[in-house]
Amino acid sequence: MNPAFSVIFFTTASGAGYGLLFLTAIANALGFIPSSGWFAVMTLGPATALIVSGLLASTFHLGHPERAWRALSQWRSSWLSREGIAAVLTFVPLAIFGVAWAFFGRTQGWYAIAGLAAAAGAVVTVFTTAMIYRSLRTIRRWHNRWVVPNYLAHALSTGAVLLHAAAQAWGEPQAVVAVVAFAAVAFAAYVKDRYWKFIDTTKSGSTPETATGLGARGKVRLLDPPHATENYLQQEMGYKLARKHSEKLRTMVRWFAFGFPAAFTATAPVFAGSLLGAALSLLAVIFAIGGTLIERWLFFAEAKHAVTLYYGAREA
Amino acid sequence: MTSLPAPVAGAKKLGLVIDLDTCVGCHACAVNCKEWNTGGHSAPLPDFDPYGANVSGVWFNRIHTFEAGEGPDSRTVHFPKSCLHCETPACVTVCPTGASYKRAEDGIVLVNADTCIGCKLCSWACPYGAREFDADEGVMKKCTLCIDRIYNENLDEADRVPACVSTCPASARHFGDLGDPNSDVSKLVEERGGYALMPEMEYAPVNRYLPPRPAKTAPGCTGASAALERPTAAGDGTHPLLRWMDRLLSR
């Protein structure tokens, strides 16, 4: 699949924003983070900025961005529509939680519950994003059980290193924040590894033989494509990625999205309260988000669409 | 509404039956499709760089050519492909705006260009490549089964078939109601063992493909004599001069 940059940026940025929102609301309810209104600005501020910029970016690849509001209408059947609704609804408790905390210093009782409602909305929104891909039978590398955990785990890991960085910058982070960030990164690494194992070891049930129904005669080969030049289907669905680049990029994801963030997250608490601690936790954020951008690019580039079977692909 | 209409027993399912045995791969159906539809329901069908080296454009019907099998039993098969108007099309259900819909009355899958946001998700959901994005208009386009021909009372009744069907010089394309087991197309499918493409996707396509008939290789099976009679020595009925020449030349 052709990786559209707006979609890569959207899922990475809003995933990190929703992950940060989710963990901030829970840590607030459990009393693991400072209750100062300024800490709300340092956590819910970037979370909202990431979510909003991501959602805006997601409209850039539309043919008619001005009609985007129509996407809220088909929640009965469409995961994309459900995602839009979940994203819009999540802003309501997020606004209550954020305003009460940032401007009035109220973090407990109903405001904590509003935060937890926003956290639930964050999970639902990331889940619906993942289901857009998960539900497409046409793409085996998306239509499998590892896609939803993959999206949730990446949102959690990038959100967790962001919360850790905010807590380090504040000065007196509780150890549990670092432990959660480390564990979330490790979990995301595990899920991604399982995802890659899955796509490397399973085959699609569709072949050129089932696509043409001519399998009874033996192997089916494309002799002549319909047109001399590439069409929309080949450009959008037939994106080709050399195998060697795929391996290099996977290695980059392993280090950038998981290895470096885990190492920086583990060492930052040693220098807690100092500038070095804050700098290390910020480095973890930069690598985690950069690594996740590459991960998302690969998620698209490695995905093969069934329609390519009509254009000479042996498998999809 | 992108939810699918409730299935009704005996409902009309308009579609195409494509005969892979007789298709000669002339692309006339694709050309006539483009010709009609660039002025029809989804008009225009854009062409980009039409006279340049990298020409591309929106087509509702494309003809692939495959080779199947090896050696003397292999066949070259011309393979026209357009929207199969599936019974459970995910291209419709994934649509977030309701622009994609399946008509309850005849099963035709259409796009409302006025509400399409151009997110392209429907084209991702289609395994058959039936949907093509119009980058000029920013909306998705697809085969309409020539909805503006088949119900068009301004046309002669014989012409109320999809453009691809009307133009096929080999009569390899047939149009009709595949929901009616007694229709001509249903009988044809029954008789020739018509099949659906990629049934494992579970989209339940309406269109059917008729497989190429087995190659005729046994001597005499086409109706012509198995071999020409071997020329023999000139018989008794031949002119005496020719018999003399035959003897002379046979020495």
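The values are calculated or read from the model by the stated rules, or taken from the named source; none is laboratory data. In this text the structure is predicted, and so the values were computed from the model without any measurement. FYI the Cβ positions are ideal-geometry reconstructions off the backbone, even for glycines, and counts take in every protein chain you see. We work out accessible area using only protein heavy atoms, side chains counted, and drop any ligands, DNA or RNA first. Shrake-Rupley method; radii C 1.70, N 1.55, O 1.52, S 1.80 Å.
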So, with points 7 Å from each Cα along the Cβ direction, the A:Asp193-B:Asn182 label distance in nm works out to 6.6 nm
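How much length would be gained if the chain were fully extended between B:Val55 and B:Asp159, taking 0.36 nm per residue of separation minus their Cα-Cα distance, in nm to one decimal?
Numbers: separation 104, 0.36 × 104 = 37.44 nm, distance 3.13 nm.
Residue separation times 0.36 nm, minus the Cα-Cα distance, leaves 34.3 nm.
Using packing as a proxy for protection, rank A:260-267, A:35-42, B:121-128 so that the peptide with the highest average count of other Cβ atoms within 10 Å comes first. Write down the numbers at each step before the final one.
Numbers: A:260-267: 22.6, A:35-42: 17.0, B:121-128: 25.6.
Highest-to-lowest ranking by the protection proxy: B:121-128, A:260-267, A:35-42.
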About its Cα centre, chain B carries a charge dipole, from +1 on Lys and Arg Cβ atoms and -1 on Asp and Glu Cβ atoms, whose size in debye to the nearest 20 is 760 debye
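Where a ≥ b ≥ c are the square roots of the eigenvalues of the C-alpha gyration tensor, would you call segment B:24-161 rounded, which needs a/c under 1.5, or, failing that, prolate if a/b is larger than b/c, or oblate? Don't skip to the end; give the middle numbers.
Details: a/c = 1.39, a/b = 1.32, b/c = 1.06.
Verdict is rounded for segment B:24-161.
For A:Arg145 and A:Val176 in the same chain, what is the full-extension length gain: residue separation times 0.36 nm, less their Cα-Cα distance, in nm?
Numbers: separation 31, 0.36 × 31 = 11.16 nm, distance 2.98 nm.
This chain segment gains 8.2 nm when fully extended.
If you take every residue apart from A:Tyr195 with its C-beta less than 11 Å away from the C-beta of A:Tyr195, what net charge results, scoring Lys and Arg +1 and Asp and Glu -1? Show your work: numbers first, answer last.
Working: positive: A:Arg141, A:Arg145, A:Lys192, A:Arg194, A:Lys197, A:Arg250; negative: A:Asp193, A:Asp200, A:Glu295, A:Glu302.
It works out to a net charge of +2.
What accessible area per residue, rounded to a whole number of Å², is obtained for segment A:5-311 using a probe radius of 1.4 Å?
Dividing the accessible area of segment A:5-311 by its residue count gives 42 Å².
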Here P(r) for chain A, Cα-Cα distances in 20 Å bins, as whole percents, is 31, 52, 15, 2
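Treat the protein assembly as shown as a sphere of radius equal to its Kirkwood radius over Cα pairs and apply Stokes-Einstein at 25 °C in a medium of 0.890 mPa s; give the translational diffusion coefficient in µm²/s, rounded to a whole number. It would help to have the intermediate numbers written out before the result.
Numbers: Rh = 26.9 Å.
Using the Kirkwood radius from Cα pairs, D works out to 91 µm²/s.
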For the pair A and B, the solvent-accessible area buried on both sides (1.4 Å probe; DNA, RNA and ligands excluded), in Å² to the nearest hundred, is 4900 Å²
Checked segment A:1-96 with the C-alpha gyration tensor, a ≥ b ≥ c its square-rooted eigenvalues, rounded below a/c of 1.5, otherwise prolate if a/b is larger than b/c and oblate if not; verdict prolate
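Taking the Cα centre as origin and putting +1 on Lys and Arg beta-carbons and -1 on Asp and Glu beta-carbons, what dipole magnitude results for segment A:5-311, to the nearest 20 debye? Could the numbers behind the result be given before it?
Numbers: 25 positive and 12 negative charges, 213 e Å.
I would put it at about 1020 debye.
Summing Lys, Arg as +1 and Asp, Glu as -1, what charge do residues with Cβ under 10 Å from the Cβ of A:Ala4 carry, A:Ala4 excluded? Walk me through the numbers on the way to the answer.
Details: positive: B:Lys120; negative: A:Glu236.
It works out to a net charge of 0.
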In Å, the Kirkwood estimate of hydrodynamic radius for segment A:45-152 over Cα pairs equals 15.2 Å
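For segment A:185-269, compute the orientation-averaged projected area of the C-alpha convex hull (one quarter of its surface), in nm².
Details: hull surface 34.1 nm².
That works out to 8.5 nm², a quarter of the Cα hull's surface.
Suppose every Lys and Arg Cβ carries +1 and every Asp and Glu Cβ carries -1, with no other charges. What dipole size does the protein assembly as shown come out with about its Cα centre, to the nearest 20 debye?
Working: 50 positive and 44 negative charges, 308 e Å.
It works out to roughly 1480 debye.
Would you mind getting the accessible area per residue of chain B, heavy atoms of the protein chains only, 1.4 Å probe, in Å²? List each step's numbers first, then the result.
Numbers: 12190 Å² over 251 residues.
For chain B, the solvent-accessible area averages 49 Å² per residue.
Quick check: at a probe of 1.4 Å, how many percent of the accessible area of chain A sits on carbon and sulfur atoms? It would help to have the intermediate numbers written out before the result.
Values: 9180 of 13110 Å².
Roughly 70 percent of what the probe reaches on chain A is carbon or sulfur.
For a test of the definition: using alpha carbon positions, the gyration tensor, and the 1.5 limit on a/c, classify segment B:127-174 as rounded, prolate or oblate.
Values: a/c = 3.13, a/b = 1.61, b/c = 1.95.
Verdict is oblate for segment B:127-174.
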When the charge dipole of chain B is computed with +1 at the Cβ of Lys and Arg and -1 at the Cβ of Asp and Glu, the Cα pointing farthest to the positive end, of B:Leu242, B:Ser42, B:Pro7, is that of B:Leu242
Once B:His41 and B:Thr88 are pulled to full extension, the length gained, defined as 0.36 nm per residue separation minus their Cα-Cα distance, is 14.6 nm
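Can you give the mean number of other chain Cβ atoms that lie within 10 Å of the Cβ atoms in peptide A:305-311?
Details: counts 5, 7, 10, 2, 5, 10, 3.
For this peptide, the per-residue mean of nearby foreign Cβ atoms is 6.
Which pairs in the list B:Lys34/B:Lys216; A:Lys244/B:Lys120; B:Lys81/B:Lys216; A:Lys248/B:Lys142; A:Lys197/B:Lys81; B:Lys13/B:Lys34 are over 31 Å apart, alpha-carbon to alpha-carbon?
Numbers: B:Lys34/B:Lys216 36 Å; A:Lys244/B:Lys120 29 Å; B:Lys81/B:Lys216 27 Å; A:Lys248/B:Lys142 39 Å; A:Lys197/B:Lys81 34 Å; B:Lys13/B:Lys34 24 Å.
Table pairs above 31 Å Cα-Cα are B:Lys34/B:Lys216; A:Lys248/B:Lys142; A:Lys197/B:Lys81.
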Expressed to two decimals, chain B has a Cα Rg over Rh, using the Kirkwood radius, of 1.21
In nm, the gap between the two label points placed 7 Å beyond Cα toward Cβ at B:Ala215 and A:Ser274 is 8.0 nm
